[in-house]
Structure formats: structure tokens, C-alpha cells
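**Q** Sharing a structure, written as C-alpha cells. Questions coming.
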């Protein structure tokens, strides 16, 4: 089975050097398709995301980061600073949400029965409580090691996606699995969304005779964390399809109106809405 050989090669590469990347042939053998997505965000979480980005604490943290990075060289140091801020903001968003989220810092994700690797460390893993009282991972933050920003996922990043997806397979009522990986390299951040099925994950992990289904990887462009629009794009992409708990009034407003053509246009509309609200309160 050529695909099984690809899995073993992928895991051996992971043990030797985490910056290795599966080639196109290996991805094809594993029934993995990759897609680039544009900057058309969904804006369901624009209110909580915008509030945190415009908060005094956040603006102060960004200013301190920019000051700290002046004259400093080294992608790893940049990555650690940026990922730390991202982890802090996502933690705050999850704590203020109406839904019950769980945050794990510096958690190592490992595929069960993996004999090649001890797992991959993540800076943060955001999980949600399922009705069966199981905790299932939704999102993880990882630092890319030694590879410059490029579209190909490294073996470590793909492994994290597999490990997260595998935790969903124990849920009998799950038909589609969606997990997200935030990849940080220097001050650049890419958001990768992985969609697959329990049948696919089980066939890969258990070494079945044939692969059942496929995996789709949707990747954003690389966002510049030092740019305000980049930070907005990162958090909107990261929180897409994750309910952060909007009020009914805000939810109705965004559902009834046509989505704008760009993030900037939407921000302008949001500011106009807030201005009207302030005036109505004064009146």
C-alpha cells in the first residue's frame, strides 16, 4: 500500500526534523487536497474580536511588541512573542464567550499508538465540551520551525491536525470533523482549516487496506501580525464557525445585511453602527 508507506515516511521525517514537508505526491497518496482561500471572512464574531483588538490592553501589548522587536533579529524570538499574544487574546475571547470552552497551554498532541513520535507541542489548544461531556479540540497554535512562510504544511503542522481530528473520532454522532491550526512564523500568521470525516482518520491511523474518504486543507494567506488589518484577519479566520456568543441584537444585524466586500469596509460599517448607538444613548 503506497499510501501506508507515505504515512510511515511522514512520521519518520517528523522524528528526524520537524521542519520537513510532505511533497505533493505524498499528499495525493493520502487523499489530501489543499485549497487557498481569499480574504472573504465571515463576520459572526466581529463584535468580540473588534472589542478585544481595540481594547487598551491589546493596543498597549501591540505597542510593547513593536518596541521590543526593534533592532532584534531572529524569527524564533518573533514567533514566540506573536504566538504568546495570540494565545492570550484567544484565551480572553473564550473566557468571555457564553459557550463553555477549555484552554490548554503548552499541550503536546500525540496520535494514539504512534511509535515514531512523542507528539508535537502546541502553545495553546482551544477545546469545546461535547454533549457526551468529552472535550474535543477546535484550534491549536504552533510555531513553524526553520521554514520560511510558504503554503506547504510541515510534517509537524499536519501531524497536529491529524492528532486533533483523531480526538473527534470517539464521538458517535460526528459525521464531519473541522479543526484549525494557527501557524506562526516570525510576525507572519497563517490560519489552516482542516475538514475530514471520522472514517478517513480511522482508516489512516488504523492502517486499513484502503483510505476511506479524503481530507481538505483550506489555508489563508500569510497575515502580517504587525498590521491592524492582519490582526483582524487572523482572529476572524481563527474564530470562523466558532460561537463566541453575540447578543441577539448584534446577531440579527449581521445576518440581515449583505456581507461587505472587504474587512476594511465591514469595520467602517461597524463604526457607523456604534456611532448611531452612542447618539441614541445620549438622546
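The values are calculated or read from the model by the stated rules, or taken from the named source; none is laboratory data. Note that the structure is predicted; figures quoted are calculated from it, not measured. Neighbour counts are summed over all protein chains in view; Cβ atoms, including those assigned to glycine, are modelled from backbone coordinates with ideal geometry.
**Q** For region 81-106, which positions are under 21 Å from residue 170 (Cβ atoms) and buried (at least 17 other Cβ atoms within 10 Å of the Cβ)?
**A** Within region 81-106, just 101 meets the criteria.
**Q** Tell me, please, whether a residue that is part of a strand (DSSP E or B), under 14 Å from the mean Cα position of the chain (by Cα) and surrounded by 21 or more Cβ atoms within 10 Å (Cβ to Cβ) can be found in region 152-169.
**A** no
**Q** Here is a check on your reading of the model: is residue 207 within 25 Å of residue 108 (Cβ to Cβ), in contact with a helix residue (DSSP H, G or I) (Cβ under 8 Å, 6 or more places away or on another chain), surrounded by fewer than 21 Cβ atoms within 10 Å (Cβ to Cβ) and at pLDDT below 85?
**A** Values: within 25 Å of residue 108 (Cβ to Cβ): yes; in contact with a helix residue (DSSP H, G or I) (Cβ under 8 Å, 6 or more places away or on another chain): yes; surrounded by fewer than 21 Cβ atoms within 10 Å (Cβ to Cβ): yes; at pLDDT below 85: yes.
Yes, satisfied.
**Q** Exactly one condition in (1) under 23 Å from residue 80 (Cβ atoms); (2) under 16 Å from the mean Cα position of the chain (by Cα); (3) free of Cβ contacts under 8 Å to residues at least 40 places away in the same chain is false for residue 177; which is it?
**A** Failed condition: (1).
**Q** Whether any residue in region 175-191 is over 25 Å from residue 49 (Cβ atoms) and part of a helix (DSSP H, G or I) is what I want to check.
**A** No, region 175-191 contains no residue that is over 25 Å from residue 49 (Cβ atoms) and part of a helix (DSSP H, G or I).
**Q** Quick one: which residue in 87, 104 is closer than 27 Å to residue 244 by Cα and not in a helix (DSSP H, G or I)?
**A** Unique residue meeting the criteria: 104.
**Q** Residue 50: within 22 Å of residue 137 (Cβ to Cβ) and not in a loop (DSSP other than H, G, I, E, B), yes or no?
**A** Numbers: within 22 Å of residue 137 (Cβ to Cβ): no; not in a loop (DSSP other than H, G, I, E, B): yes.
Against the criterion (within 22 Å of residue 137 (Cβ to Cβ) and not in a loop (DSSP other than H, G, I, E, B)), residue 50 does not qualify.
**Q** Just the residues that are within 29 Å of residue 223 (Cβ to Cβ) and either in contact (Cβ under 8 Å) with a residue 40 or more places away in the chain or in a strand (DSSP E or B) (or both), please, taken from region 192-212.
**A** Within region 192-212, 192, 193, 194, 195, 196, 200 meet the criteria.
**Q** Quick one: residue 22 ticks every box in (1) part of a loop (DSSP other than H, G, I, E, B); (2) buried (at least 16 other Cβ atoms within 10 Å of the Cβ); (3) at pLDDT below 80 except a single one, so which number is it?
**A** Residue 22 satisfies every listed condition except (3).
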